[in-house]
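Visitor: Sharing a structure below in structure tokens format, with a few things to ask.
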Amino acid sequence: MRAAVVGSGAWGTALALRLFANGHEVTLWSHNAEKARQMAQTRENPVLAGVQLPEELIVTGEARSVSGCKLVVIACPSFPIRQVCGQIAPFLDADAVLVSVTKGLEADTLLRMSQIVEEVTGRPVVALTGPSHAEEVARNNPTGCVAACPDKALAEFVQDAFMADSFRVYTSPDIIGAELGGALKNVIALCVGVCDGMGLGDNAKAMLMTRGLTEIARLGVAMGARRETFAGLAGVGDLIVTGTSRHSRNRKAGMLLGQGKRPEEALREVGAVVEGYYCAKSAFALCCKQGVEMPIVEAAYGLLYRGEDASEAVRRLLMRQRRAESEDAGWN
């Protein structure tokens, strides 16, 4: 099968390698023609140093390269995804299956990534998400993901395309929950990094991750997601890997914030896209719109966009009104 991966970052490159190893004819597209030329020449992506690109894997800067591809994977960052989809839309085949692997929410519309892809291209989309650092996928470390789509046949098509002995793919009809879990865990992971930067210890991190996941699930259910999705790979799984891994840019940015760096300093030092920074603003707007209580997300927004103090934010979270852990404690 002919497949195209749109976006030559670490994640797009790792997925292109996975598809190629599965026997597909793969083209990797970069919006930067010069970067595409260099990768085609060196057979390496600088963000995945030491991982060689097979000679037969095509690297190009031409948007028309998606033409003739049965599978098209959208792997660009969240902020340019609408523009990128507009570039490739005229060249998509009528029967192409679209997969969004980008995690985030659009700043103005608060739309999920699959909603943007569908809006621009006019066709259904499968979301592929879960705990999947590109650095490990590119080196064939065992990884599990979820292909989420209300259309079971499309979800299973994507499952079959990616499934391998080191890359296990489950299917789910809950694309709302899968995408919200993948987007909002970046905000919580950034907060976990703040805890590390402040030296608050493991107890604080465990509490933050658990209560953060509760907030994500609360919002998801209000928006039509299934609560059980957040107990799976797209929820707790993705939060664990992003909140604890040395590969995580969100955690690294949070650590710098916890050490006293200003947001712009932290982003500059990380030197790559920190999705949690952008998503915190959208997540806060979304919880306000839905009328859902999300105190950790609100604290992240305050730290990142209002210049609030991290120590004071922690104090406020700990001193909130006493309550039962479960919203349905079950007492008579």
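The values are calculated or read from the model by the stated rules, or taken from the named source; none is laboratory data. As the structure is a prediction and not an experimental result, all values here were calculated from the model. Quick reminder, even Gly has a Cβ in these numbers, built from the backbone with ideal geometry, and neighbours come from all protein chains shown. Side chains included, ligands, DNA and RNA excluded: accessible areas come from the protein's heavy atoms. Shrake-Rupley method; radii C 1.70, N 1.55, O 1.52, S 1.80 Å.
Visitor: Could you tell me how many of the residues in the range 136-164 are closer than 20 Å to PRO54 by Cβ, within 16 Å of the chain's Cα centre (by Cα) and touching a residue at least 60 places away in the same chain (Cβ under 8 Å)? Steps first, answer last, please.
Guide: In the first step, residues of the range 136-164 are kept if they are closer than 20 Å to PRO54 by Cβ; the result is 136-141, 143, 161-164.
Right, trim to within 16 Å of the chain's Cα centre (by Cα) and you get 136-137, 143.
Among the residues that remain, those that are also touching a residue at least 60 places away in the same chain (Cβ under 8 Å) are: 136-137.
The number of residues fulfilling the criteria is 2.
Visitor: Then there's this: Across the range 106-150, what is the number of residues that are among the acidic types (Asp, Glu) and open to solvent by 70 Å² or more (accessible area, probe 1.4 Å)?
Guide: Within the range 106-150, residues that are among the acidic types (Asp, Glu) and open to solvent by 70 Å² or more (accessible area, probe 1.4 Å) number 3.
Visitor: Follow-up question, since we're still on this one. Kindly evaluate CYS288 against the criterion of being in a helix (DSSP H, G or I), among the hydrophobic types (A, V, I, L, M, F, W, C) and open to solvent by 10 Å² or more (accessible area, probe 1.4 Å). Talk me through it step by step, then tell me what you get.
Guide: Details: in a helix (DSSP H, G or I): yes; among the hydrophobic types (A, V, I, L, M, F, W, C): yes; open to solvent by 10 Å² or more (accessible area, probe 1.4 Å): yes.
Yes, satisfied.
Visitor: Take GLN83 and decide whether it is surrounded by fewer than 17 Cβ atoms within 10 Å (Cβ to Cβ), free of Cβ contacts under 8 Å to residues at least 24 places away in the same chain and part of a helix (DSSP H, G or I).
Guide: Working: surrounded by fewer than 17 Cβ atoms within 10 Å (Cβ to Cβ): yes; free of Cβ contacts under 8 Å to residues at least 24 places away in the same chain: yes; part of a helix (DSSP H, G or I): yes.
Here the answer is yes, as GLN83 does meet what is asked.
Visitor: With the checklist (1) out of contact with any Ser or Thr (no Cβ under 7 Å at 6 or more places or on another chain); (2) surrounded by 24 or more Cβ atoms within 10 Å (Cβ to Cβ); (3) more than 18 Å from CYS85 (Cβ to Cβ) in hand, flag the one item GLY7 doesn't pass.
Guide: Result: GLY7 fails condition (3) only.
Visitor: Among (1) assigned to a loop (DSSP other than H, G, I, E, B); (2) surrounded by fewer than 24 Cβ atoms within 10 Å (Cβ to Cβ), which single condition is SER65 missing?
Guide: (1)
Visitor: Collect the residues in the range 28-59 that are open to solvent by 80 Å² or more (accessible area, probe 1.4 Å) and in a loop (DSSP other than H, G, I, E, B), keeping them in residue-number order.
Guide: Those that are open to solvent by 80 Å² or more (accessible area, probe 1.4 Å) and in a loop (DSSP other than H, G, I, E, B): HIS31, GLU55, GLU56.
Visitor: Something else about it: Need the failing condition index for LYS252 against (1) open to solvent by 40 Å² or more (accessible area, probe 1.4 Å); (2) in a loop (DSSP other than H, G, I, E, B); (3) on the phi < 0 side of the Ramachandran plot; (4) not polar (S, T, N, Q), just the number.
Guide: Answer for LYS252: the failing condition is (2).
Listed here are the residues, each with its yes/no results for (1) surrounded by 14 or more Cβ atoms within 10 Å (Cβ to Cβ); (2) in contact (Cβ under 8 Å) with a residue 60 or more places away in the chain; (3) closer than 13 Å to CYS191 by Cα.
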{"position": "VAL221", "(1), (2), (3)": "yes, no, no"}
{"position": "GLY224", "(1), (2), (3)": "no, no, no"}
{"position": "GLY232", "(1), (2), (3)": "yes, yes, no"}
{"position": "VAL236", "(1), (2), (3)": "yes, no, no"}
{"position": "THR244", "(1), (2), (3)": "yes, no, yes"}
{"position": "SER248", "(1), (2), (3)": "yes, yes, yes"}
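Visitor: Can I ask one more? Go through the range 49-86 and give me each residue that's over 26 Å from VAL97 (Cα atoms) and at pLDDT 95 or above.
Guide: Initially, the range 49-86 is screened for residues over 26 Å from VAL97 (Cα atoms), giving 49-52.
Answer for the range 49-86, where residues must be over 26 Å from VAL97 (Cα atoms) and at pLDDT 95 or above: VAL51, GLN52.
Visitor: THR214 versus (1) surrounded by 24 or more Cβ atoms within 10 Å (Cβ to Cβ); (2) without any contact (Cβ under 8 Å) to a residue 12 or more places away in the chain; (3) of a type in the set (S, T, N, Q): which is the lone unmet condition?
Guide: It is condition (1) that THR214 fails.
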